[in-house]
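The values are calculated or read from the model by the stated rules, or taken from the named source; none is laboratory data. All of these numbers come straight from a predicted model, not from anything done at the bench. Ideal geometry is used to build each Cβ from the backbone, glycine not excepted, and the neighbour counts take in all protein chains shown. Protein only, heavy atoms only, side chains kept; ligands, DNA and RNA dropped before computing areas. Shrake-Rupley method; radii C 1.70, N 1.55, O 1.52, S 1.80 Å.
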Amino acid sequence: MKLQENADLRLHSTMRLGGRARWLAEAENEADVERLHDWAKQKNLRCLMIGQGSNIVWRDEGFDGLIIVNKIMGRVILAEDKSSVIIRVGGGEDWDGVVAWTVENGWSGIEFMSLVPGTAGAAPVQNVGAYGGEIADVLTELAALDTRSGSFGTIIAGACGFAYRDSRFKSQDKGRFMICNITLRLSKHPPQPPFYEALEQFFKQNSITDFTPATIRQAVIAIRTAKLPDPKKVANNGSFFTNPIVDSAAFEKIKSRYADVVGWPQPSGSVKLAAGWLVEKAGFKGVHDTETGMATWPAQSLVLVNETARTTADLLKFKEKIVNKVQEMFGVVLQQEPELLP
Ligand code: EPU
């Protein structure tokens, strides 16, 4: 385990902004995590675990503590029967690599989340979801170091506080747990329609009627690459805002002024609005903001892109412009989706 001092956090965020970390080290197993956590505790330093930084915005002030980069690998089959398989995956595994592996094996459950950037260990934090699937649907439990007690433990899915793009790891227990591995239950039966609208359209257009994890993965990859920038080439954090959920009265009010508003009714009676649509309507489709060096991605306005921004302050200034305009026009306050750390 090598400790790096004064590490550049821009290399640990796909938005490529932010300050420096006093210390940074990679953990390859649970023992490393424990040792590093103890070391930080002895020195009275704060300690945070991260994956690939695909959903992190670092503050310009940086982090005056220890960052542990999760590099815990491993993919094992824990149990299997005729209809399902239970797998355990190291938290440092590349998420899409895991998806590709499960699809090659013909297992269904996470193929909808193909090409989502980041690590397996980070996926439960924001309850990663795409094209009609989310990790809460398949996660059975995870193992984590509880920094409060200093010991490892298992947290079952029901205790993760999963909700749309949310979990206890992102809200009341933010920063408390270091997720070392996750356990998923996948199905050996092929996925069944109806699928997410964009997938249905893709299948129709391409005359695909054979629905397997592999054909779903191919479709998701085709749709995502057409709509979303590759974080390896373009600095971004994916969706920068969550889709806001408003009550039906607020939705009707918006609809009376904007008949083409995009919203999905929720079981609770409220309506989930398409944040991408709100951003677009507020005048931010394909904009390049010269003041901040930020832009929106032309094919998906929900994705903010760092073109020439130098600081997180630039990014937050651009974000404020969007949030303020959307609030002024629709009375809706957009919430940032990537975590602002520390
Ligand atoms: N829309 C617009 N303009 C836009 C973008 C979207 O009008 O610029 C409207 C369209 O009507 C479109 C609808 O919004 O049909 C939904 O768009 P899309 O299918 O792209 O989904 P989204 O709600 O904008 C969510 C996730 C994405 C995920 C897609 C596909 C959130 C915050 N984002 O976006 O996740 O890939 O669904 O399932 O829930 C991410 O989290 O980083 C991410 C990319």
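Among the strands (runs of 3 or more DSSP E) confined to the range 1-90, the ones with at least 1 residues that are under 30 Å from residue 306 (Cα atoms) and among the aromatic types (Phe, Trp, Tyr) are located at 20-27, 56-58, 63-70.
If you scan the range 181-220, which residues turn out to be exposed (fewer than 14 other Cβ atoms within 10 Å of the Cβ) and over 25 Å from residue 77 (Cβ atoms)? Those that are exposed (fewer than 14 other Cβ atoms within 10 Å of the Cβ) and over 25 Å from residue 77 (Cβ atoms): 193, 194, 197, 201, 204, 205, 206, 207, 209, 210. Can we say residue 229 is out of contact with any Phe, Trp or Tyr (no Cβ under 9 Å at 6 or more places or on another chain), within 25 Å of residue 132 (Cα to Cα) and open to solvent by less than 80 Å² (accessible area, probe 1.4 Å)? Spelling it out, it is not the case that residue 229 is out of contact with any Phe, Trp or Tyr (no Cβ under 9 Å at 6 or more places or on another chain), within 25 Å of residue 132 (Cα to Cα) and open to solvent by less than 80 Å² (accessible area, probe 1.4 Å).
Residue pairs whose Cβ atoms lie under 6 Å apart, separated by 6 or more positions or on different chains, with the first residue in the range 201-230 and among the aromatic types (Phe, Trp, Tyr) and the second open to solvent by 40 Å² or more (accessible area, probe 1.4 Å) and assigned to a loop (DSSP other than H, G, I, E, B), are 211/190. Counting only strands (runs of 3 or more DSSP E) that sit wholly inside the range 114-227, those with at least 3 residues that are under 30 Å from residue 244 (Cα atoms) and more than 16 Å from the ligand (Cβ to nearest atom) are 139-146, 177-187.
The strands (runs of 3 or more DSSP E) found entirely in the range 239-312 that carry 1 or more residues being open to solvent by 50 Å² or more (accessible area, probe 1.4 Å) are 263-265, 294-297.
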